[in-house]
Amino acid sequence: MQKDTFFITTPIYYTNWIPHIGHAYSSLIADTIARSNKINWKKTKFSTWVDENSQKVVEKAEEKNMSISDYLDFMADEHKKVWNWLKINYTDFIRTTDKVHHKLVKEVLQKSFDNGDIYEWEYEWMYCVWCEAFKKDDDLVYLNKEKNVTFPITDKVKVNDNIIKVCPDHLKTPDTIKEKNYFFKLSKYEDKLKEFYKNNPEFVTPSDRFNEVKAFVDRWLEDFSISRETNKFWVKLPFDDTQVTYVWYDALYNYVTVTTPEWEEKKCSKSLKWYNFWPADLHVVGKDIIRFHAIYWPAMLMSAGYELPKQILTTGFMTVDWQKMSKSIWNVIDPVKYSEDYSKDMMVLYLLSAFNIGQDWDFDQKQAILTYNAKLANNFWNLVNRVVVLTIKLGLENGLKWNINKIIANDLVNYISDFDKNISKYNLKESLDLSFKFLDVLNKYVDETQPWTLIKDESKKEEVIDIFYTISEWLRQVWLNLYSFFPEKMWELFNKIGLSWYVEELEAWKIQELRNKKEVFMIKEKGEALFERFDVN
Ligand code: ME8
């Protein structure tokens, strides 16, 4: 059978910081979705990246007394270390400084230039280095330095030594830049974008984010600058080597570079060669960069003659103590340290089940522990533990054999079909909720049948085996589904019941085949607890 392909991407992360839990959130979503496609018979490409074209990189390198290229190498490694530690199973890692990428960037720039979509213009604008963004008066606020308060810009108040215009996020005055740049003619694509949105009503999800994008396009599309004359070390424009690319072309086109034969030849795992991965199936991005992905990016692709990505999943933003994460106020949560102090599973469960993708939220550690204790340590682990301990007590030399009690078979069928429907639409919270709801049904079944009482009566042995087989089988089905979320733990669980080859089979796209199998469960040892309770302080 010819396999379908699936290509998913994380956002392109800046390298002026080591990924924090907000970045990990996007990567965990992408990892879970990639895995669920992979085990469902799809040839899956999962790319992650670093965006090295940032003014801040120059400052950070100076701060650390490093050359820019040493700093970039160091930070790219740090990013990889975090993702590898968290077992984010990406297939491609690309840097904006990659030579193969620069070749493509030059080609597409030339194409758009030849089409008349790129033009030169001298202009004067304000630019906030900290946001890495141009600012207009509308984007700024007044800061009264004496009183240290901000207020909206109005005609009535004039700038003076005490009242200055600042960026509302960084409270710093943006630089004024006057220079010649090249611009992309976004305005030319207004009608084409609108038509594309109309024909692709799920292009951006959740839909409220799509509405924001459409409203923005309805207001007015402004051409945007794509080059700089100041930055010495980025990709030179093929039609003017006194200018280098700025952000859009060298960042966004990463998504395409990883699908080109040149990249695949050099950097890609053999098993992923020869498949056509462009257009991407899903870009996972935060709401801060949705406009760039849903407006700039499709227009740039149309201009260069590429197909457009199929969908963009937009995530909400997390605050810590209701504030943006920032090193200066020490509220940054490091995902690796968090996983060491608590557990990676707690982080995944909380991030993916406490709220829907798209919502903003404040990180709530108490809630994270309570959710973990209730769902994984109690509901889930207690049940597994009971089955393991009692089956060992039965001393079944030849394992638990197929002997299913049909009582809750309907619940299982509904659970699996609802799970599949939800995960294929990237409803990760709903998919997890459904799994824990089904575990509730299983727990209820155990409470009602009371196998720990029946086990004392030798004449009831068959009945007990029947119950244990049923629970183990239904658990096996839950584990197959939860593998996309908690792969390491599910692997340990498959081992526990004598199915050590399962992960290999799953990674070879076979969830449907495994679901239909009739296994014998060999349960020999209790082993260590996989999900232990944490105290809430
Ligand atoms: O913006 N909560 O890179 P970046 C949730 N390189 N998600 C968060 C988050 C938070 N507090 N903080 C970051 C860039 N993210 C540019 C993009 S596009 C041409 C260039 C996630 O390192 C979220 O997905 O700031 C966001 O979009 C991404 O990290 C931004 O990463």
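Each value in this text was obtained by applying a stated rule to the coordinates, not by laboratory testing. Because the structure is predicted, anything quoted here is derived from the model rather than measured. Glycine gets a Cβ as well: all are built from the backbone with ideal geometry, and neighbour counts include every protein chain shown.
For LYS214, a cut-off of 16 angstrom between C-alpha atoms picks up these aspartates and glutamates, skipping any fewer than 8 places away in its own chain: GLU190, ASP191, GLU195, GLU202, GLU222, ASP288. Nearest 10 degrees is fine. How inclined is helix 190-199 to the longest principal axis of the chain, computing both from alpha carbons? With both axes taken from Cα atoms, the answer is about 10 degrees.
Using a Förster radius of 25 Å, what is the FRET efficiency between ASN385 and LYS421 based on their Cβ-Cβ separation? Nearest 0.05, please. Approximately 0.25, to the nearest 0.05. Distance from the Cα centroid of segment 470-537 to that of segment 70-145 is 41 Å (rounded to whole angstrom). Near the amide H of GLY316, within less than 5 Å, lie the amide hydrogens of GLY358, GLN359, all on another chain or at least 5 residues away, with H placed in the peptide plane. The HN-Hα couplings worked out from phi for segment 202-215 by the Karplus form 6.51 cos²θ - 1.76 cosθ + 1.60 (θ = phi - 60°) are 10, 4, 10, 10, x, 5, 5, 5, 5, 4, 4, 4, 5, 4 Hz, whole numbers, x standing for Gly and Pro.
Given the rule -39500 (n - 2.57) for each run of at least 4 DSSP H residues, summed and divided by the residues of the chain, what is its mean residue ellipticity at 222 nm, to the nearest 500 deg cm²/dmol?
Computed mean residue ellipticity for the chain: -13000 deg cm²/dmol.
Remark on MET126: its backbone amide H falls under 5 Å from those of LYS135, ILE177, a criterion applied only to residues 5 or more positions apart or on other chains, H modelled at 1.01 Å from N.
Relative to the longest principal axis of the Cα atoms of the chain, the long axis of helix 99-114 makes an angle of roughly 50 degrees.
Under a 5 Å amide H cut-off, with hydrogens placed 1.01 Å from N, SER326 pairs with ASN331, VAL332 among residues at least 5 apart or on other chains. Excluding residues on the same chain fewer than 8 positions from LYS145, give the aspartates and glutamates whose Cα lies under 16 Å from its Cα. In chain and number order, the partners are ASP161, ASP169. Going down the list LYS406/LYS517; LYS401/LYS456; LYS461/LYS517; LYS106/LYS185, which pairs span over 23 Å between their C-alpha atoms? Violating the 23 Å limit, Cα to Cα: LYS461/LYS517. Between the helical axis of 344-353 and the longest alpha-carbon principal axis of the chain there is an angle of about 70 degrees.
Taking the Cα centre of the chain as origin and charging only Cβ (+1 Lys, Arg; -1 Asp, Glu), how large is the dipole, in debye to the nearest 20? Numbers along the way, then the final one.
Details: 73 positive and 82 negative charges, 174 e Å.
Dipole about the Cα centre, nearest 20: 840 debye.
How much FRET efficiency would the formula 1/(1 + (r/R0)^6) give for GLU458 and THR319, where r is the Cβ-Cβ distance and R0 is 60 Å, rounded to 0.05? About 0.50, to the nearest 0.05. Computing FRET efficiency as 1/(1 + (r/R0)^6) for ARG533 and GLU63, where r is the C-beta to C-beta distance and R0 is 56 Å, gives about 0.85.
Which translational diffusion coefficient, to the nearest whole µm²/s, is obtained for the chain from the Stokes-Einstein equation, given a Kirkwood hydrodynamic radius over C-alpha pairs, 10 °C and 1.306 mPa s? Mind showing how you got there, number by number?
Values: Rh = 26.0 Å.
Answer, rounded: 61 µm²/s.
Listed by chain and number, the aspartates and glutamates whose C-alpha is less than 16 Å from the C-alpha of LYS510, apart from same-chain residues fewer than 8 away, are ASP4, ASP420, GLU519. Label sites at HIS170 and LYS111, each approximated as a point 7 angstrom past Cα along Cα to Cβ, lie 3.3 nm apart.
The modelled label-to-label distance for the pair ALA508/VAL149, using points 7 Å beyond Cα in the direction of Cβ, is 7.0 nm. Checked against a 31 Å cut-off, the cross-linked pairs LYS111/LYS198; LYS45/LYS444; LYS60/LYS324; LYS42/LYS198; LYS236/LYS344 give Cα-Cα distances beyond that limit for LYS45/LYS444; LYS236/LYS344.
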